[in-house]
Amino acid sequence: MPRFYLTTAIDYSNGDPHLGHAIEKIGADVIARYRRACGDDVHFLIGMDEHGQKVQQEAEKNGLDPQTWVDRIAESFLEVWDRLGLSNDDFIRTSEPRHHRGLTALMERIAANGDFRRATYEGHYCAGCEAFKKEEDLTDGRCPLHPGREVDWTKEENWFFRLSDYGDALLGRLRDDPGGVRPRTRRNEITRLLEGGLEDISASRSRIRWGVPFPGDEGHTVYVWFDALSNYITAIGYPDGDGFETFWPADLHIIGKDITRFHCVYWPAMLMAAGVEPAKSVWGHGFITIGGFKLSKSAGTELGLVELIERHGPDALRYFLMREVQWDGDRDFPSAEAFIEQFDRRYTTDLANDLGNLLNRVVSMVSRYRGGGVPSPGGGELAQRTALALAEYRKAMDGYLLHRGLEAAFDVVRAANGFVDETKPWALHKAERAGGGEDALDGVLAQLVAALGAIASMLAPFTPRKATEIWSALGGEGPPPRFADLDHAAGRLASVRPGAVLFPRA
Ligand SMILES: [Zn+2]
């Protein structure tokens with residue numbers, strides 16, 4: 001069975017989860033579920049980034065010790081991920097002993113390779129990014145990503161990582177395997193960065209206590225980015241665990257586009273320095289912005305994640321985000337109100353009307369005209385369109401263009417609704433009662449049921465609970481079938497189960 005190890009960026013423990021965190025986890029969950037439906041042995045990792053200056057400050061501000069603070073934040077993230085139905089196999093927290101142990105081993109190996117040196121750093125530090133900033137990185141003396149906070153002037157003696165030694169090797173990797181960094185815009189950005197030459201980077205901090213001690217120099221802690229990035233290997237048991245043997249190198253790191261440099265330059269260089277093969281690929285997704293502003297702890301707070309989940313249910317939110325946000329680009333909403341309006345509109349038109357009505361119509365026609373018995377499957381115009389859309393869907397999903405996968409699934413929804421209007425099963429039924437044959441109506445109903453079966457399988461990664469409800473209404477058991485079993489499973493559907501409304505009107 002092919003293995004597929006998938007990760008997301010771990011979330012920083014400085015506040016509660018918001019929509020910006022959710023979109024990345026939902027997208028990754030869609031990919032994890034899709035790969036499983038393709039038959040892969042998937043390992044899907046998410047987690048929390050719990051060390052560093054910002055966390056320490058936030059804990060102090062709340063009058064708590066850092067561990068108590070991060071425990072509390074982790075709990076609030078886990079609760080929301082559970083409500084959203086994430087199917088992650090593991091949840092790593094960088095304050096865990098397993099992480100501490102693996103990170104120490106990684107740093108020791110990089111040190112043994114001669115890739116750390118002591119030097120004095122003097123310059124700007126943005127605590128928002130937890131990163132050093134050059135003069136040319138700043139706009140009006142502030143970090144463009146964190147205009148609301150001052151950058152600190154820092155002078156400290158640190159351990160530096162000899163990143164500059166790895167530029168050629170990284171560029172070579174990217175040239176040999178252009179798919180290693182996607183989408184293309186992100187790859188171009190990294191190529192330019194590498195061609196411009198790399199500088200060594202700080203690997204330790206001397207003033208931050210909340211972190212993992214730097215091996216061989218207890219006066220320092222490991223710089224939070226070295227700490228955070230290594231979660232992808234420490235979670236699966238680096239250096240000697242079975243999971244590391246089984247799943248590394250990762251197939252895909254899903255990250256926000258603003259941390260591409262860390263994942264496509266620093267991280268592979270760190271691994272090479274430790275004699276570990278870098279991950280196979282990185283996907284930098286875009287962002288939802290509201291009036292041009294990225295969602296953050298402070299922006300877009302009127303779009304509370306829990307309220308959005310409760311508004312139309314978790315699957316509706318998953319659908320909406322994956323439909324609206326191109327997985328290889330950004331999506332701006334002029335305002336929070338515009339976001340909500342569009343959410344309500346898509347819920348009503350796409351989910352309640354187009355999809356919900358289709359299921360309702362088909363199940364009630366099979367009940368009324370055939371006593372609930374599903375006619376044997378056969379070919380025809382709708383069956384052909386379904387097969388084409390399914391191929392389109394697979395192609396889009398294999399290339400992580402999730403929004404296009406959803407479009408393909410809804411092509412079948414539209415085609416099936418059109419097919420009902422064209423073939424007029426009620427008229428066929430009337431003709432049948434007037435003495436005509438049964439073949440025409442059987443063929444129409446069978447194609448409609450098969451189309452809905454395919455829709456259930458295609459939607460399962462996006463809206464897992466609702467897809468199972470569709471499959472159940474068609475007479476299936478359990479979740480919708482994997483793609484390889486779809487025809488066989490659809491052929492075995494015996495009788496429909498009329499029942500609950502799939503998407504009740506708000
Ligand atoms: Zn910043």
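The values are calculated or read from the model by the stated rules, or taken from the named source; none is laboratory data. Since this is a predicted model, take the numbers as computed values, not measurements. Glycine gets a Cβ as well: all are built from the backbone with ideal geometry, and neighbour counts include every protein chain shown. We work out accessible area using only protein heavy atoms, side chains counted, and drop any ligands, DNA or RNA first. Shrake-Rupley method; radii C 1.70, N 1.55, O 1.52, S 1.80 Å.
Subtracting the Cα-Cα distance from 0.36 nm times the residue separation, let me have the gained length for Gln342 to Glu277 in nm, one decimal.
Working it through step by step, the gained length comes to 19.0 nm.
If you project the alpha carbons of region 95-142 onto their three principal axes, what span does each projection cover, largest first, in Å?
Ordered largest first, region 95-142 gives principal extents of 41, 27, 13 Å.
Keeping the other protein chains in place, figure out the carbon and sulfur percent of the accessible area of region 3-285, with a 1.4 Å probe. Each step should come with its number before you reach the end.
Values: 4920 of 11060 Å².
Here carbon and sulfur together make up 44 percent of the probe-accessible area.
Given a 1.4 angstrom probe, what's the average accessible area per residue across the chain, in square angstrom?
42
Could you pull the accessible area for His146 with a 1.4 Å probe, rounded to 10 Å²?
About 50 Å², ignoring ligands and nucleic acids.
Would you please calculate the Kirkwood hydrodynamic radius of region 3-285 over all C-alpha pairs and express it in Å, rounded to one decimal?
On the way: mean 1/r = 0.0518 Å⁻¹.
It is 19.3 Å.
What is the spin-label model distance, in nm, from Glu302 to Ala427 if the labels are put 7 Å beyond Cα along the C-beta direction?
My value for the distance between the label points is 4.9 nm.
Roughly what angle does helix 19-37 make with the longest principal axis of the chain, taking Cα atoms, 0 to 90 degrees, to the nearest 10?
Helix 19-37 and the main axis of the chain meet at about 60 degrees.
Once fully extended, how much extra length lies between Asp90 and Ala434, figured as 0.36 nm per residue of separation less the alpha-carbon to alpha-carbon distance?
On the way: separation 344, 0.36 × 344 = 123.84 nm, distance 6.11 nm.
My answer for the length gained is 117.7 nm.
What list of ³J(HN,Hα) values in whole Hz, one per residue of region 249-257 in order, does the Karplus curve 6.51 cos²θ - 1.76 cosθ + 1.60 (θ = phi - 60°) give from phi, with Gly and Pro shown as x?
Using θ = phi - 60°, the values come out as x, 4, 7, 7, 9, 9, 9, x, 5 Hz.
Within region 130-198, report the trypsin sites (Lys or Arg not before Pro) that DSSP leaves as loop and that have at most 11 other Cβ atoms within 10 Å. Walk me through the numbers before you get to the answer.
Values: sites: Lys133, Lys134, Arg142, Arg149, Lys155, Arg162, Arg173, Arg175, Arg184, Arg186, Arg187, Arg192; in loops: Lys134, Arg149, Arg162.
Sites meeting the loop and neighbour criteria: Lys134.
Can you pull the Rg over Rh of region 344-491, Cα-only, Kirkwood?
That ratio is 0.97, to two decimals.
Run down the aspartates and glutamates and flag those whose C-alpha is under 20 Å from the C-alpha of Lys133, throwing out any fewer than 8 positions away in its chain.
Of all the aspartates and glutamates, those that pass the test against Lys133 - Cα under 20 Å, at least 8 places apart if same chain - are Glu122, Glu150, Asp152, Glu156, Glu157, Glu189, Glu195, Glu199, Asp200, Asp227, Asp258.
Which values, in whole Å and largest first, are the semi-axes of the equivalent ellipsoid of region 417-472 obtained as the square root of 5 times each eigenvalue of the Cα gyration tensor?
Numbers: eigenvalues 174, 19, 13 Å².
Result for region 417-472: semi-axes of 29, 10, 8 Å.
Taking the Cβ of His100 as the center, what net charge do the other residues with Cβ under 12 Å away carry, scoring Lys and Arg +1 and Asp and Glu -1?
Details: positive: Arg93, Arg98, Arg101; negative: Glu50, Glu96, Asp227.
Result for the local shell: 0.
Mind checking Rg over Rh on the chain, alpha carbons, Kirkwood formula for Rh?
Details: Rg = 25.9 Å, Rh = 24.8 Å.
Using Cα coordinates only, the ratio equals 1.04.
Quick one: accessible surface of Thr468, probe radius 1.4 Å, all protein chains present, in square angstrom to the nearest 10.
50
Using alpha-carbon positions, what is the distance between the centroids of region 167-213 and region 235-258, in Å?
Region 167-213 and region 235-258 have Cα centres spaced 18 Å from each other.
Take every Cα pair under 8 Å in region 344-491 that's 6+ residues apart, average their separations, divide by the length, and report that relative contact order as a whole percent.
Working: 145 pairs, mean separation 38.8, N = 148.
Reported relative contact order: 26 percent.
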